[in-house]
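Report on one structure; see the data block that follows.
The values are calculated or read from the model by the stated rules, or taken from the named source; none is laboratory data. Computed from a predicted structure; not experimentally measured. As a convention, Cβ positions derive from the backbone with ideal geometry for all residues, glycine included, and neighbour counts pool all protein chains shown.
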Amino acid sequence: MKVPAALGPAMRRRLYGTLARVTVARAARLTWMMASMFFVETLVFGISVLPAFLFWSWVLTLTQPRELWPLVKPTLVAMSLVPAYLLFAVSLAALSAASTRVFGWRTPPPGVWKLRDFEWPLLDWARYMISTHVVRVLVGTFFRASPLWTWYLRWNGARIGRGVYINSLSVTDHNMLEFGDGVVIGEHVHLSGHTVEGAQLKTGPVRLGRFVTVGLGSIVGIGVEAGERCQIGALSVVPKYSKLEEGAVYAGAPARRIESSMARLQAHPESPRVPDSASAD
């Protein structure tokens with residue numbers, strides 16, 4: 001920031017002092033955010049590995065004193081990798097969600113924050129996203145579209161109904177999401193409660209009513225509300241703050257209403273309830 005030359009010497013010194021204090025405060029907040037993030041993630045990861053390590057150690061101890069066929073011991077050890085990973089995955093998902101809840105790391109309520117200011121709501125959001133990303137990479141890669149992935153989103157702050165199917169790793173800002181019963185999220189769908197525009201973070205909730213289907217590869221912006229049994233076709237782009245009508249079919253970029261799913265069902269009673277354009281495979 002440039003200080004106007006027209007200001008007097010005293011005013012300029014005062015302004016320089018204020019800028020220096022602001023810069024120090026930003027640096028201190030950023031340093032604390034990084035240090036606390038490193039400490040918590042190290043602790044969560046270490047405790048998550050412990051059950052898998054103890055299980056693997058037990059398998060090694062079980063096979064150690066006995067005389068087994070040459071390939072039996074390595075086979076048992078190799079087979080123990082899968083259950084050991086399951087223990088690690090469940091532990092990491094549960095502990096990561098618990099840590100963000102305990103420390104209050106969440107996407108902030110609907111609003112706008114300048115990235116350069118490093119305000120606490122922004123830093124809490126950054127820690128929340130980093131923690132979520134660790135679970136997404138180490139657990140979500142193998143467990144997306146499974147009950148464990150749905151449970152993790154619920155543990156991590158999302159309000160999710162029964163029978164929800166999420167086959168995407170690009171669903172973020174979980175505490176800003178509200179999904180009704182029977183919602184289906186297709187593969188590679190990008191759905192989040194934040195966007196970055198003009199060096200500013202903007203947040204907003206996303207609400208999907210009961211039995212909404214979001215087709216593969218679609219993008220759903222912040223502030224979107226979709227009515228019950230609404231269908232969003234594959235590769236569609238739903239602009240932020242859009243209101244999608246109940247029982248309607250939308251497709252395109254930007255998404256536009258095609259027809260009512262109930263009208264389609266009445267016109268073609270032999271067709272499936274979910275139209276092809278809204279496939280979530």
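On the basis of being farther than 25 Å from T195 by Cβ and of a type in the set (G, A, S), does A126 make the cut?
Working: farther than 25 Å from T195 by Cβ: no; of a type in the set (G, A, S): yes.
No; evaluated as a whole, the condition is false for this residue.
When you look at T75, is it modelled with pLDDT of 80 or more and closer than 30 Å to S91 by Cβ, yes or no?
Details: modelled with pLDDT of 80 or more: yes; closer than 30 Å to S91 by Cβ: yes.
Yes.
Looking at G217, is it at pLDDT 95 or above and either farther than 29 Å from F142 by Cβ or buried (at least 24 other Cβ atoms within 10 Å of the Cβ) (or both)?
no
Considering only residues of the range 101-139 that are assigned to a helix (DSSP H, G or I) and of a type in the set (F, W, Y), which is farthest from the chain's Cα centre (by Cα)? Spell out the reasoning first.
First, the residues of the range 101-139 that are assigned to a helix (DSSP H, G or I): 101-103, 115-117, 120-139.
Right, trim to of a type in the set (F, W, Y) and you get 103, 120, 125, 128.
Values: F103: 17, W120: 20, W125: 11, Y128: 9 Å.
The selected residue is W120.
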Which one is surrounded by the most Cβ atoms within 10 Å (Cβ to Cβ) among residues in the range 224-258 that are free of Cβ contacts under 8 Å to residues at least 24 places away in the same chain and among the acidic types (D, E)?
E225
Answer yes or no: is there a residue in the range 71-89 that is of a type in the set (A, V, I, L, M, F, W, C), in contact (Cβ under 8 Å) with a residue 60 or more places away in the chain and either in a loop (DSSP other than H, G, I, E, B) or surrounded by fewer than 16 Cβ atoms within 10 Å (Cβ to Cβ) (or both).
no
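Just a yes or no: is a residue in the range 193-200 within 19 Å of S236 (Cβ to Cβ), touching a residue at least 60 places away in the same chain (Cβ under 8 Å) and assigned to a strand (DSSP E or B)?
no
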